[in-house]
Amino acid sequence: MTSMNLVQAIRSGLREAMRQDDDVMLLGEDIGKLGGVFRVTQGLEEEFGADRVLDTPLSETGIIGTAIGMALHGLRPVSEIQFADFIYPGFDQLVNEAAKYRYRTAGELHVPMVVRTPYGGGIRGGQYHSQSPEALFIHTPGLKVVCPSNPYDAKGLLMEAIRDEDPVIFFEPKRVYRAVKMDVPDEPYAVPLGQAKVVRSGAQVTCVAWGAMLYEAFSAAETAAGQGVDVEVIDLRTLWPLDIDTLVSSVEKTGRFVIVHEAPRTCGFGSELVALLTERAFLHLEAPPVRVTGWDTPFPLTHEREYLPLAHRIVPALLETARY
Amino acid sequence: MHINRADGTLDPSLDPGLSIDQLVSLYKAMVRTRVVDDRLERLQRQGRIAFHVGSMGEEAAIIGAAAALRDHDWIVPCYREVGALLWRGYPLQRYIDHMYGNAGDPVRGRQMPDHTFSREHRYLAVSAPIGTQIPHAVGMAMAAKKRGLDECVGVFFGDGATSSNDFHAAMNFAAVYQAPVLFLCRNNGYAISLPAERQTAVPRLSEKGAAYGVPALRVDGNDVLAVWKSVREGVRRATEGDGPTFVELATYRLGGHSTSDDPRAYRGDDEVERWRKADPLRRLRAHIERRDAWSEAMDADWRAACESEVRECVQRAEETPAAELGDLFTDVYAEPPWHLREQRAQCLDGPRAEGEEHEP
Ligand SMILES: Cc1ncc(C[n+]2csc(CCOP(=O)(O)OP(=O)(O)O)c2C)c(N)n1
């Protein structure tokens, strides 16, 4: 066990995966000598060499497109897209190619690859270093989408994603890259994909969050507890495929739920969660579902703390839902 | 191409014949940009602004190209070219207000520092995604041609951008449609940490223009006269109907990629020291001093004047209130639809956040 932050835990996951399997390759901009702009890959080029850690030219199409080719031909590429905001030049490759190879070859070919990318606001990065585009990928049949909130889950989920036979987009909450530290095993381990985690159990309201906003949801739940409202907080961990059972059974118990995410509200993943839970737990609901999300605008700079669904906006939502 | 020699003499066969007043103005603009850069870097280190991306070492490439374009020609920037905007007379106060994202910021605190815009100065809005502006410049040039305007467009981008999809699409369209556009490729040696020779396997990026049928040349980007002359020739070609030109401005990024970068992780001090000797400011200064149009005392005075100008702007920017919260919701569409009116009300009537964000 070593006390690690998210950056260190993800690095440890990459290192262990590369030690275990020679076919695991890294690709990305500035990931070599510099170790990536967030230093996640620091020291990996030194340990594994420049032919397993490709410090690529500036092209997300090139990174994701060639990673697909490598995955088709026996390797296990893990790409880093420097910021989620810059994934779009590779969007065609992800949506039309990575996501569809298995289907269009009747299962003969598939693309076992991971695309890691830091996402979200809170680093004073303005509209191009703050986006949360997870819904675009959840909407794409064939892609899995993972978003850990803490170092232990991050390493375990990443190692599992690398072993997974389908393409996985791995969103890393950069707002808390260095803010959370916990004991993480040095050796390899797995956290299975597709399992949410109840991080605080409660009886009156279910609050669903992931990534950096999990901490806001948790702190809002503590505040609500002080005002007599007992909140259950669920960390989704894997966004798709969704752990529907954990969510439904929580909402059947509480009868009320609040979804929190950074992405804009309209067609955000919250919309799908509201639909799924309303369809499945309708007769248990005591209050209309609530979404606390980023506003439907591009991500701002000066007022990013008013844009983000931080605890100050979650608390009133929890209290109102509980008292509806 | 190489005109301004290190000792301050000029190659007489290539000298474009700028007046001494023009040369002194260019030098003063380059120094002013350097002083502003320096101050902003310190402000970021003190946590007073979020970020800065500077142009130390690239002033000749940026300001020389801006000076060779005509004032009504659009400049389509990457993000390192504020020197070109200041050259066109953009008020320094407005730029510093932008750096603070305060109520004086023309882009209303929406963009990261150094992502500004001025329609009045024909300087297009900076976008962080690399390469995306290059086809816009081509389209604007196609529009100018279609509308019969006596205009061309100068688009800046780095060596890294020549790997982007958009770069290739732009080259191809520009050549096919003979758009009056100048591709101003600041080859400053690095894309963050990746050296240019690992970005692209051809040694001259200008070949990437030539491959598409865009006449291309490579010039010493630290030689303001060579930059001016080659860009002015591109302007002539564009306005006479000869289509696009690609100018590779070979230069060097003396500072980090931005204030978030620590270049010691990927390059040695000796390399930087070598390039310091080729500092574009030094060379132009040597020339104007040689012609007795500049002196040590004038240099010190000018730097001091620039420094106090920046200091005053910073002070005013810090006294100016933050950009309006309600502005978060404007300009998404021409008219805010129901959902944005509703969200605006929710936000303004809702609870306020406490505290400040910090770098991760
Ligand atoms: C599409 C995209 N990918 C990655 C980035 C992150 N990034 C910002 S600047 C940069 C390097 C750009 O290098 P270059 O084009 O040479 O310009 P320079 O910064 O050297 O002026 C990178 C990779 C980005 N902004 N956009």
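Contact order normalised by length for the stretch B:208-360, with contacts defined as Cα pairs under 8 Å and 6 or more residues apart; what percent is it? Display every interim value, and only then the final one.
On the way: 79 pairs, mean separation 23.8, N = 153.
Across the stretch B:208-360, relative contact order equals 16 percent.
Which loop-located trypsin sites (Lys or Arg not before Pro) does the stretch B:176-278 contain, where loop means any DSSP state but H, G, I, E or B and the Cβ has at most 11 other Cβ atoms within 10 Å?
Of the trypsin sites (Lys or Arg not before Pro), the ones in loops of the stretch B:176-278 whose Cβ has at most 11 other Cβ atoms within 10 Å are B:LYS277.
Give a residue-ordered list of calculated ³J(HN,Hα) values for the stretch B:87-102 (Karplus: 6.51 cos²θ - 1.76 cosθ + 1.60, θ = phi - 60°; whole Hz; x for Gly, Pro).
Each residue of the stretch B:87-102 in turn: 4, 7, x, 4, x, 4, 4, 5, 5, 5, 4, 4, 4, 8, x, 9 Hz.
Express the carbon and sulfur contribution to the solvent-accessible surface of the stretch B:117-222 as a percent, rounded to the nearest whole number, probe 1.4 angstrom.
Ligands and nucleic acids excluded, carbon and sulfur give 55 percent.
Considering only DSSP beta bridges whose two residues both sit in the protein assembly as shown, what percent are antiparallel, to the nearest 5?
20
What are the radius of gyration and Dmax of the stretch B:117-173, computed over its Cα atoms and given in Å?
When restricted to Cα atoms, the stretch B:117-173 yields Rg and Dmax of 11.8, 33 Å.
State the antiparallel share, in %, of DSSP beta bridges confined to the stretch A:197-322, rounding to the nearest 5.
In the stretch A:197-322, DSSP labels about 20 percent of beta bridges as antiparallel.
Translational D (Stokes-Einstein, µm²/s) of chain A at 10 °C and 1.306 mPa s when Rh comes from the Kirkwood sum over C-alpha pairs? It would help to have the intermediate numbers written out before the result.
Details: Rh = 19.9 Å.
The calculation lands on 80 µm²/s.
Ignoring ligands, DNA and RNA, what accessible area per residue does the protein assembly as shown give at 1.4 Å, in Å²? Can you show the working numbers first?
On the way: 26230 Å² over 684 residues.
I get 38 Å² per residue for the protein assembly as shown.
Over what distance in Å are the Cα centres of the stretch B:194-209 and the stretch B:330-349 separated?
Comparing the Cα centres of the stretch B:194-209 and the stretch B:330-349, I get a distance of 46 Å.
Only protein chains counted, 1.4 angstrom probe. Which residues of the stretch A:82-104 are at least 20 Å² less accessible in the assembly than when their chain is isolated?
Buried by 20 Å² or more upon assembly, which counts only protein chains, are A:PHE86.
Averaging sequence separations of C-alpha pairs under 8 Å and six or more residues apart, then dividing by the length of chain B, give the relative contact order as a whole percent.
Reported relative contact order: 23 percent.
Using the structure shown, select from B:LYS146/B:LYS229; A:LYS33/B:LYS229; B:LYS28/B:LYS146; A:LYS100/A:LYS253; A:LYS33/A:LYS197 the pairs with a Cα to Cα distance greater than 32 angstrom.
Those over the limit are A:LYS33/B:LYS229; B:LYS28/B:LYS146; A:LYS100/A:LYS253; A:LYS33/A:LYS197.
Using 0.36 nm per residue of separation minus the Cα-Cα distance, give me the extension gain between A:GLU47 and A:THR61 in nm, one decimal.
Difference between extended and current length: 2.4 nm.
Could you calculate, for the protein assembly as shown, the ratio of the Cα radius of gyration to the Kirkwood radius, expressed as Rg to Rh?
1.00
Measuring from label point to label point, each 7 Å out along Cα→Cβ, what is the B:ARG88 to A:LYS253 span in nm?
Spacing of the two 7 Å Cα→Cβ label points: 6.1 nm.
So for the stretch A:2-184, considering every pair of alpha-carbon atoms, how many percent are separated by more than 22 Å?
That fraction is 39 percent.
Before rounding to the nearest 500, sum -39500 (n - 2.57) across all DSSP H runs of length at least 4 in chain A and divide by the residue total; then give [θ] at 222 nm in deg cm²/dmol.
Using -39500 (n - 2.57) per qualifying helix, the result is -10000 deg cm²/dmol.
Over the Cα atoms of the stretch B:68-199, how large are the radius of gyration and the largest Cα-Cα distance (Dmax), in Å?
15.2, 44
For a quick check: with amide H placed at 1.01 Å from N, whose amide H comes under 5 Å from B:TRP74's, ignoring anything fewer than 5 positions away on the same chain?
B:CYS152, B:GLY154
To the nearest 100 Å², how much accessible surface do chains A and B cover up together, summed over both, with a 1.4 Å probe?
Using a 1.4 Å probe on protein heavy atoms, the buried area is about 3900 Å².
When you have a sec, figure out the Kirkwood radius of the stretch B:20-323 from all distinct Cα pair distances and drop it here in Å to one decimal?
By the Kirkwood definition, the hydrodynamic radius is 19.5 Å.
Determine the distance separating the Cα centre of the stretch A:260-324 from the Cα centre of the stretch A:121-192; give it in Å without decimals.
Using only Cα atoms, the two centres lie 21 Å from each other.
Above 23 Å lies some portion of the pair distances; for the stretch A:150-263, what is it as a whole percent of all C-alpha pairs?
Percentage above 23 Å: 32.
So how far apart, in nm, are the two label points at B:ASP292 and B:GLU207 if each is 7 Å from Cα heading toward Cβ?
Placing both labels 7 Å along Cα→Cβ, they lie 4.9 nm apart.
From the phi of every residue in the stretch B:124-129, what ³J(HN,Hα) in whole Hz does the Karplus formula 6.51 cos²θ - 1.76 cosθ + 1.60 yield, where θ is phi - 60° and glycine or proline is x?
6, 6, 5, 10, 5, x
With r defined as the distance between the Cβ atoms of A:ILE244 and B:ARG147 and R0 fixed at 60 Å, what FRET efficiency is calculated, to the nearest 0.05?
0.60
Quick one: go through the stretch A:46-86 and flag any residue whose amide nitrogen is under 17 Å from the point 7 Å out along the Cα-to-Cβ line of A:GLU108.
So the set is A:72-74.
Starting from the stretch B:26-135, pick out the GluC sites (Glu not before Pro) whose DSSP state is loop and whose Cβ has at most 12 other Cβ atoms within 10 Å.
Listed in order of number, the matching sites are B:GLU120.
What residues qualify as long-range amide H neighbours of A:ARG76, i.e. H under 5 Å apart, gap of 5 or more or another chain, H built at 1.01 Å from N?
A:VAL24, A:MET25
Report in % the part of the accessible area of the stretch A:210-293 that belongs to carbon and sulfur, leaving out ligands and nucleic acids; probe 1.4 Å.
That share works out to 53 percent.
Along its three principal axes, how long is the stretch B:102-143 when you only count alpha carbons? Whole Å, largest extent first please.
36, 23, 11
Which ³J(HN,Hα) values in Hz, rounded to whole numbers, follow from the phi angles of the stretch B:42-50 under the Karplus curve 6.51 cos²θ - 1.76 cosθ + 1.60, where θ = phi - 60° and Gly and Pro get x?
5, 4, 5, 4, 7, x, 8, 10, 7
Just want to confirm a number: the relative contact order over chain A, from Cα pairs under 8 angstrom separated by 6+ residues, in percent.
With pairs under 8 Å counted, the relative contact order is 17 percent.
The values are calculated or read from the model by the stated rules, or taken from the named source; none is laboratory data. Model, not experiment: these values are computed from the prediction. Don't worry about glycine lacking a Cβ; one is built from the backbone with ideal geometry, like all the others, and counts go over all protein chains shown. Surface accessibility is based on the protein's heavy atoms, side chains included, excluding ligands, DNA and RNA. Shrake-Rupley method; radii C 1.70, N 1.55, O 1.52, S 1.80 Å.
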